[in-house]
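The values are calculated or read from the model by the stated rules, or taken from the named source; none is laboratory data. Treat the numbers as computed from the prediction; the structure is a model and nothing was measured. Cβ atoms come from the backbone with ideal geometry, glycine included; neighbour counts cover every protein chain shown.
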């Protein structure tokens, strides 16, 4: 009678362990698939060049976060430089496909007319326009 | 020896005065010559159409005058790797300070080539001694000429201010 009872307990434990293993197996499989589809990449002290409508733009930051194939996020002190302007700011988002970069943090821009300070910006590179938000001060060489 | 000491101190004092005087002259001449555009809401740089559009409590200053308005569109050209404003348009609640004169209007356009400011819509020109109002004002800065036009005689008003009224 005791032996039968022991066998039942052992069988129950074996089934429970197998059940846990199946749960862990499926749980791990799901998370792995999700991670691979996001393809998150982070690079520190990053600099590179991007070819867009306005020509070659040099970009750089303390930390680069690649969100997907078209979107990158320049974390910390960041910059965008090309033949027309130099933009120095923080936490700049770039959509490579739409050729748009933006930031909601203070930004300093130097171009051939002067030096500009604003509270944020949105650079519509495909349209040749940069919109500066908030209080803007543009000291010109005129 | 005493004479030399005092003459030395005098010279040193003179040198310090000259130094401070030079410093202030350089500082103020630099500060006054500064040109800028300030905007309270936004500034759009359109490199394709070569213009800057400023919105919200706009302040524009160049070597000639200071202007205030609600909106400004400034066109520029590229000259020797530098961008220079050629035409500046000011919209709504326009106020321009030029030396001791104040021009007011609903719209103003300044052209750099001929240094002429043209204001329209309920314009006024205020100097320390008089106030003139009309519909259109053309201020020729280089030739120091002011032409004030009105739709009819009744709309042209001249007001002598207190300083001149006493005379």
Hits in the range B:47-101 - residues which are over 27 Å from residue B:148 (Cβ atoms) and not in a strand (DSSP E or B): B:47, B:48, B:49, B:50, B:80, B:81
Residue within the range A:43-63 that is more than 10 Å from every other protein chain (Cβ to nearest Cβ), outside any strand (DSSP E or B) and either touching a strand residue (DSSP E or B) at 6+ places or on another chain (Cβ under 9 Å) or under 30 Å from residue B:64 (Cβ atoms) (or both) present: no
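Rundown of residues vs (1) at pLDDT 90 or above; (2) in contact with a helix residue (DSSP H, G or I) (Cβ under 8 Å, 6 or more places away or on another chain); (3) not assigned by TED's automatic domain parsing to the domain that holds residue A:129, yes/no style:
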{"residue": "A:7", "(1), (2), (3)": "no, no, yes"}
{"residue": "A:24", "(1), (2), (3)": "no, no, yes"}
{"residue": "A:59", "(1), (2), (3)": "yes, no, no"}
{"residue": "A:64", "(1), (2), (3)": "no, no, no"}
{"residue": "A:76", "(1), (2), (3)": "yes, no, no"}
{"residue": "A:80", "(1), (2), (3)": "yes, no, no"}
Among (1) facing another protein chain (nearest Cβ under 10 Å); (2) modelled with pLDDT of 95 or more, the one test that residue B:108 misses: (1)
In the range A:97-140, the residues that are surrounded by fewer than 17 Cβ atoms within 10 Å (Cβ to Cβ) and in a loop (DSSP other than H, G, I, E, B): A:97, A:98, A:104, A:105, A:106, A:112, A:119, A:128, A:135
Qualifying residue in the range B:96-105 (condition: buried (at least 17 other Cβ atoms within 10 Å of the Cβ), away from every other protein chain (no Cβ under 14 Å) and more than 14 Å from the chain's Cα centre (by Cα)): yes
Residue match in the range B:71-85 (condition: away from every other protein chain (no Cβ under 11 Å), in contact with a strand residue (DSSP E or B) (Cβ under 6 Å, 6 or more places away or on another chain), touching a residue at least 40 places away in the same chain (Cβ under 8 Å) and buried (at least 16 other Cβ atoms within 10 Å of the Cβ)): no
Residue match in the range A:128-138 (condition: more than 10 Å from every other protein chain (Cβ to nearest Cβ) and touching a residue at least 12 places away in the same chain (Cβ under 8 Å)): no
Failed criterion for residue B:93 (all others in (1) more than 18 Å from residue B:63 (Cβ to Cβ); (2) surrounded by fewer than 16 Cβ atoms within 10 Å (Cβ to Cβ); (3) at pLDDT below 95 hold): (3)
Failed item, numbered, when residue B:63 is tested on (1) under 19 Å from the mean Cα position of the chain (by Cα); (2) away from chain A (no Cβ under 14 Å): (2)
Condition check for residue B:64: more than 19 Å from residue A:124 (Cα to Cα), surrounded by 16 or more Cβ atoms within 10 Å (Cβ to Cβ) and assigned by TED's automatic domain parsing to the domain that holds residue B:120: yes
Odd one out for residue A:104, checked against (1) within 7 Å of chain B (Cβ to nearest Cβ); (2) within 22 Å of the chain's Cα centre (by Cα); (3) in contact (Cβ under 8 Å) with a residue 24 or more places away in the chain: (1)
